[in-house]
Amino acid sequence: TRGFKMATRNVEDALSALRIGEGTAHETSGMLQRQRELAIQSMNDTLTDDQRASLDVEYQQLTQEIERSAQASEYNGQDVATDEGLASGSAQIQVGPNAGDQLSMPANDMTAESLGIANTSIASRDQAEAALGAIDGAIDQLNTQRSGVGAMMNRFESTVNNLSVADVNTQAAESVLRDQDMAQGVADLVRFRLLRDSGTSAFSRFGEISQNHLLALLQG
């Protein structure tokens with residue numbers, strides 16, 4: 001039962017780490033959508049190159065924030081969004097009381113380099129067009145990662161529920177082994193007292209019979 005309780009805590013810790021990663025992915029998705037808007041705006045020839053350069057300032061700031069956000073996302077000092085630590089794909093979560101009861105954390109990498117937008121720009125029309133394609137690819141890649149995280153979160157939540165049921169059933173089984181059956185216990189107690197009382201009565205009666213028999217012999 002203690003093993004089930006600790007496994008539950010392990011899974012809940014893993015869920016906390018995944019929620020941090022999902023939060024990072026959510027914010028990254030919003031920044032990518034903003035970059036996409038800027039790229040579409042920059043592709044419009046009603047803008048001058050100076051105006052495109054101004055748009056690119058915000059675009060580059062968003063790229064830097066995407067990178068910073070991924071690098072800063074941690075759980076217990078371990079990365080959850082940079083293909084390292086808990087996001088490396090090799091992190092194992094002990095989800096049961098026995099050896100082999102393990103599940104792997106999904107791999108995630110939400111850095112600008114991994115998403116393919118690190119060196120993009122919208123300072124010119126051609127660059128903006130190329131950036132738009134890169135952003136669309138980044139959004140698809142990010143959505144795939146979010147799907148994996150969401151699926152694993154659902155699996156971990158099911159695991160917590162299963163562990164809870166197993167814990168309750170195990171404690172019930174332990175109770176059957178440890179606890180006295182009250183009805184059976186009372187019946188046994190009554191039987192023991194009846195046997196004791198009848199034995200005492202029989203011994204007393206035997207004593208009386210023996211005493212009378214001896215007196216009869218002496219009188220004879």
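The values are calculated or read from the model by the stated rules, or taken from the named source; none is laboratory data. No experiment lies behind these values; they were computed from the predicted model shown. Cβ coordinates were reconstructed from backbone atoms using ideal geometry, including for glycine residues, and neighbour counts include every protein chain displayed. Accessible surface areas use protein heavy atoms only, side chains included; no ligands, DNA or RNA. Shrake-Rupley method; radii C 1.70, N 1.55, O 1.52, S 1.80 Å.
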Restricting the search to the range 127-150, which residues are closer than 22 Å to ALA53 by Cβ, surrounded by fewer than 23 Cβ atoms within 10 Å (Cβ to Cβ) and among the aliphatic types (A, V, I, L, M)? ALA130, LEU132, ALA134
Checked against (1) open to solvent by less than 50 Å² (accessible area, probe 1.4 Å); (2) more than 30 Å from GLU174 (Cα to Cα); (3) outside any helix (DSSP H, G or I), GLY21 satisfies every condition except (3)
Complete set of residues in the range 1-18 that are touching a strand residue (DSSP E or B) at 6+ places or on another chain (Cβ under 7 Å) and either among the β-branched types (Val, Ile, Thr) or buried (at least 16 other Cβ atoms within 10 Å of the Cβ) (or both): ALA7, ASN10, VAL11, ALA14, ALA17
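Every residue, every condition in (1) small (Gly, Ala, Ser); (2) under 17 Å from the mean Cα position of the chain (by Cα), yes or no:
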residue: GLN61; (1), (2): no, no
residue: GLU67; (1), (2): no, no
residue: GLN71; (1), (2): no, no
residue: PRO106; (1), (2): no, yes
residue: ASP109; (1), (2): no, no
residue: ALA112; (1), (2): yes, no
residue: ALA118; (1), (2): yes, no
residue: SER121; (1), (2): yes, no
residue: LEU132; (1), (2): no, no
Can you say whether ALA39 is on the phi < 0 side of the Ramachandran plot, touching a strand residue (DSSP E or B) at 6+ places or on another chain (Cβ under 9 Å) and either without any contact (Cβ under 8 Å) to a residue 12 or more places away in the chain or surrounded by 18 or more Cβ atoms within 10 Å (Cβ to Cβ) (or both), as far as the supplied structure shows? no
Among what's in the range 70-98 and is of a type in the set (S, T, N, Q), open to solvent by 20 Å² or more (accessible area, probe 1.4 Å) and outside any loop (DSSP other than H, G, I, E, B), pick the residue that is nearest to MET152 (Cα to Cα). GLN92
Complete set of residues in the range 107-126 that are in contact (Cβ under 8 Å) with a residue 12 or more places away in the chain, assigned to a helix (DSSP H, G or I) and open to solvent by 30 Å² or more (accessible area, probe 1.4 Å): GLU113, SER114, ARG125
Single residue of PHE192, PHE203 found to be among the aromatic types (Phe, Trp, Tyr), modelled with pLDDT of 75 or more and part of a helix (DSSP H, G or I): PHE192
